[in-house]
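Here, each number is a calculation from the coordinates, and none is a lab measurement. Worth saying up front: this structure is predicted, and the values here are computed from it rather than measured. Please note: Cβ atoms are built from the backbone with ideal geometry, for glycine as well, and neighbour counts cover all protein chains shown.
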Amino acid sequence: MNASESLVTGTGAQRTLAEQLATRGNDHEQIRRRFTRTTGLAWHAPTPARFALGTRLSVVIPARDRAYCLGAVLDALAAQETEGDVEVVVVDDGSVDGTGAVARAHPAVDVVVSLPRSGGAALARNVGTMTATSPYVLYLDADMVLPRHVLADVAARCGAGDEEAVLVGFREALPETRDADGMLVLPDRRPRLWNDYRVTFRAPAGVPLWYTGRVLDEATDVHALDDTDDFAALGHGATHYDLDLPRAVFSALVAARRESVLDVGGFETEFASRGWGFEDTHLAAKLIAAGTKVVPLRQAVGFHVYATGGTDAGRKRDGWRATLALFRELLDASVPSDVRAVMEAEVRRALADADVTDRRRP
């Protein structure tokens, strides 16, 4: 049974997405133990290149107006220490700043799909997923610079257990900083895991938390990753302060089996018409409802480089309430049976007007 069938057949056809989430646990111990038993490596250890051998991985990067940092992101991919087969697909989402030219000029990139107008990150990721040819897809934001071991970390753990997994990485936010020659400057150190909201955050008192709406009597330092045993305790619809299992999945750095993403209909493109965010949370909810486990990789942390003086922060702040409301609406509905066909048709329409540079072709 594929992922979409498990969402819509039998009693599941009568259940809302939220009701299906309540039936799914997130005990991923078997996946981690099988990996360690097979490889001799700890689950959270940086991975030597040879352990990725034999795994095909597609890196899908949606990019809109990210020329300021995309070169550094692609340089980091070119420097990855992995013996796995890696394919890099960049989807230029209607950029006006030369993002597509940066991608086409970089030797690490196998495919560039330039959409003539922005359709949003969800559509760009769906286009990238359909264009990719590997069994596993790593979604990477165009402002995420990775340490050299991350692709090997992900590839070595794809298919590590009898159950399917969404592999979740983390990010440390950094402001864009340049040297006298205009080159992007990054710290000469490893990215810090604790900088990510899903790992550590300060929950304020007396105001609703932004995701769950919970109000605390006193400010609290929340260590969500530790407190939930690497998100294992977030199964069956549980929440921990301002986090639940779908919200633990950020598409800035996350990997999943390609066919599973397609089977559940990929990323919902309606989110782009409402504002910023939550298309990744919704995809996670669908995958979890279909039986996928969410397993973090603590060693997989990238630098998230945000543009200084840009408009992204204001756009995100103004838009998240509307996209959160849409996510809640979708949780209270059942998943239609034709989600894969609808997504594929939408991607075909987008590709009909796209400019595609494909270096995979002979």
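Across region 77-199, Cα-Cα distances exceeding 27 Å account for 25% of all pairs.
Among Gly25, Gly275, Gly54, the largest mean-square fluctuation in a Gaussian network model of the chain, built with springs joining Cα atoms closer than 10 Å, belongs to Gly54. Between Ala352 and Ala325, the simple spin-label model (points 7 angstrom out along Cα→Cβ) gives 3.3 nm. From the alpha carbon centroid of region 169-218 to that of region 329-362 is 32 Å. If R0 is taken as 30 Å, the Cβ-Cβ distance between Arg37 and Trp194 corresponds to a FRET efficiency of 0.55.
Seen through its C-alpha gyration tensor, with square-root eigenvalues sorted a ≥ b ≥ c, region 82-138 comes out oblate because a/c lies at 1.5 or above while a/b is not bigger than b/c.
Taking every alpha-carbon pair in region 146-206 and binning the separations at 5 Å intervals from zero gives 3, 12, 16, 17, 17, 14, 9, 7, 3, 1, 0 percent. A rounded overall shape is assigned to region 201-333, the ratio a/c of its alpha-carbon gyration tensor axes (a ≥ b ≥ c) being less than 1.5. The distance separating the Cα centre of region 65-116 from that of region 140-159 comes to 15 Å. Please work out whether region 256-301 counts as rounded, prolate or oblate from its C-alpha gyration tensor, where a ≥ b ≥ c are the square roots of the eigenvalues and a/c under 1.5 means rounded, while otherwise a/b larger than b/c means prolate and anything else oblate? Since a/c reaches 1.5 but b/c is at least a/b, the shape of region 256-301 is classed as oblate. When His106, His236 are sorted by how many other C-beta atoms sit within 10 angstrom of their C-beta, beginning with the fewest, the order is His236, His106.
Please order His28, His149 by the number of other Cβ within 10 Å, starting at the fewest.
His149, His28
Structure remark: mean-square fluctuation, Gaussian network model of the chain, C-alpha springs under 10 Å; the largest value among Ile61, Ile288, Ile31 belongs to Ile31. Could you identify which residue out of Ser134, Ser273, Ser334 has the top mean-square fluctuation in a GNM of the chain using Cα springs shorter than 10 Å? The residue with the greatest mean-square fluctuation here is Ser273. When Rg and Dmax are taken over the Cα atoms of the chain, they come to 19.4, 64 Å. DSSP bridge analysis restricted to the chain gives an antiparallel fraction near 40%, rounded to the nearest 5.
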